[in-house]
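Taking it in order: structure first as structure tokens, then the write-up.
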Amino acid sequence: QPQLVESGGGLVQPGGSLRLSCVVSGFSLNIYAIGWFRQAPGKEREGVSCISSSGLVSNYADPVKGRFTISRDNAKNTVYLQIDQLNVEDTATYYCAARPVDCKNYEPLYRLWGQGIQVTVSS
């Protein structure tokens, strides 16, 4: 059955770094764009970043530009989100999700979702 599993979250101090991983199984990663989303307490879920199936196109939400980096390694069936310079506003549950080929700024178009992983930034 197609699934995505996130890992790499945890508790980090402000200014620290994490690398989240999204491991895909049950479908071919090379033809899917992968997006990262997050939901903080009391807030709506928001898109964070996305990388196209080719890896040639990526995008980032304004609050994370310059701090987050998305990448993919199809041979390992994995998409990564490197998070640097963490601040308390980054505290959220992070999800990866898949849709065919291209990134889109419309969540319902992402039909395959992971269960989410917690990132907590606290001093």
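The values are calculated or read from the model by the stated rules, or taken from the named source; none is laboratory data. Worth saying up front: this structure is predicted, and the values here are computed from it rather than measured. Please note: Cβ atoms are built from the backbone with ideal geometry, for glycine as well, and neighbour counts cover all protein chains shown. Accessible surface is based on the protein model in full, side chains and every heavy atom, while ligands, DNA and RNA are left aside. Shrake-Rupley method; radii C 1.70, N 1.55, O 1.52, S 1.80 Å.
Points worth noting:
- Carbon plus sulfur fraction of accessible area for the chain, probe 1.4 Å, in percent: 47 percent
- Solvent-accessible area per residue for the chain (1.4 angstrom probe, square angstrom): 53 Å²
- For Gly116, residues with placed amide H under 5 Å, excluding near neighbours: Glu6, Cys96
- The value of relative contact order for the chain, using C-alpha pairs under 8 Å at least six residues apart, is 36 percent.
- Between segment 39-65 and segment 93-112, the alpha-carbon center distance in angstrom: 10 Å
- Given a 1.4 Å probe and the protein chains as shown, Ser49 ends up with an accessible area of around 10 Å².
- Charge dipole (debye, nearest 20) of the chain; +1 at Cβ of Lys and Arg, -1 at Cβ of Asp and Glu: 200 debye
- Taking only the C-alpha atoms of the chain, the Rg (one decimal) and the largest Cα-Cα distance, Dmax (whole number), read 13.3, 40 Å.
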